[in-house]
Structure formats: C-alpha cells, structure tokens
Amino acid sequence: MKVLVINKHGRSLMPTTPKKARILLQVGKAQIAKRNPFTIQLIHGSSGYTQPITLGWNTNFKYISFNAITEKEELIGGELEMLDGMTERIIERAMYRTQRRDRLRYSTPKFDNRRH
C-alpha cells in the first residue's frame, strides 16, 4: 500500500509509505489533499525528483493484469476479469437491432387514411 504525494505546486511525486506519510502529517510538513485515493500535499518545497517507472501488463482471454514497478519495488499491481459470454451478447444485440429495423421499415399502415 502506498500513499500518493504531490508537491506544493500540485505536481506528482513518487508515492511513499503510510508510515512516512503519517510522520509528515504529524510534524506539519504535509496536509491531506484527497481522501480517495489518499493523497498528501507537501507544504514545504521539494526538489521534484522522480524515478523512472515501468508499466507492465499481461493480456489473456479472461484476465488482464498490470503493474507499475521501479528498480527497487512494485508500486501498484492489479488484475481485471473480463466479462463472460461477450460473443453471445453481441449476437443477441445484432438480432434485436435487425428486428427493430425490420419493424420500422416494412410495417403495414396502422390506420386507413389512404385515398384511392
């Protein structure tokens, strides 16, 4: 678990640990910027140094996994599960669309107001 950090000008810095974030808040060097996701904003100036981050992902038929890592540690990681039965849903949607178009284009007159 990491806590997001922004500098006093609103630019993103490297995430920190919850322990270090608590210490910064208690000493008065930071304030809470957002609650969800929990983000602190530094009150004093900082150098703005950031490390290079690599984003990796692995796509599969049912799952998509991702992670953001630096040279030392993994910052964030997760996995998304894809919906089941997408082929059947697409076919069903096309069927309903075809029926709807056929009803609208070739419907017989609903009332008799035609002159001969």
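Please determine, by comparing only the residues of segment 43-52 that are modelled with pLDDT of 85 or more and closer than 24 Å to I32 by Cα, which one is surrounded by the most Cβ atoms within 10 Å (Cβ to Cβ).
Pass one, segment 43-52, residues modelled with pLDDT of 85 or more: 43-44, 51-52.
Then keep just the ones that are closer than 24 Å to I32 by Cα; that gives 43-44, 51.
Values: I43: 12, H44: 10, Q51: 9.
By that ranking, first place goes to I43.
Listed residues L83, L55; which is exposed (fewer than 11 other Cβ atoms within 10 Å of the Cβ) and within 30 Å of V5 (Cβ to Cβ)?
L55
Given the condition in contact with a helix residue (DSSP H, G or I) (Cβ under 9 Å, 6 or more places away or on another chain), over 15 Å from T70 (Cα atoms) and part of a strand (DSSP E or B), answer yes or no: does some residue in segment 38-51 qualify?
yes
Just checking, how many residues over segment 23-36 are of a type outside the set (G, A, S) and exposed (fewer than 11 other Cβ atoms within 10 Å of the Cβ)?
Going through segment 23-36, the residues of a type outside the set (G, A, S) turn out to be 23-27, 29, 31-32, 34-36.
Checking the rest, the ones that are also exposed (fewer than 11 other Cβ atoms within 10 Å of the Cβ) come to 26-27, 35-36.
Going through segment 23-36 one residue at a time, the tally reaches 4.
When you go through (1) over 24 Å from the mean Cα position of the chain (by Cα); (2) within 30 Å of D84 (Cβ to Cβ) one by one for N58, which number turns out not to apply?
Tallying (1) over 24 Å from the mean Cα position of the chain (by Cα); (2) within 30 Å of D84 (Cβ to Cβ), N58 fails exactly one: (1).
Need pairs with beta-carbon distance below 6 Å; first residue over 19 Å from P18 (Cβ atoms) and within segment 36-60, second in a strand (DSSP E or B); sequence gap 6+ or separate chains.
I53/A68; T54/I69; L55/A68; G56/N67; W57/F66; N58/S65
Quick test for you: out of F111, F66, pick the one residue that is of a type in the set (F, W, Y) and either at pLDDT 90 or above or surrounded by 12 or more Cβ atoms within 10 Å (Cβ to Cβ) (or both).
Values: F111 fails: either at pLDDT 90 or above or surrounded by 12 or more Cβ atoms within 10 Å (Cβ to Cβ) (or both).
Going through F111, F66 in turn, just one is of a type in the set (F, W, Y) and either at pLDDT 90 or above or surrounded by 12 or more Cβ atoms within 10 Å (Cβ to Cβ) (or both): F66.
The values are calculated or read from the model by the stated rules, or taken from the named source; none is laboratory data. On a predicted model such as this, the values are computed, not experimentally measured, just so you know. All Cβ positions, even for glycine, are placed from backbone atoms using ideal geometry, and neighbour counts span all protein chains on display.
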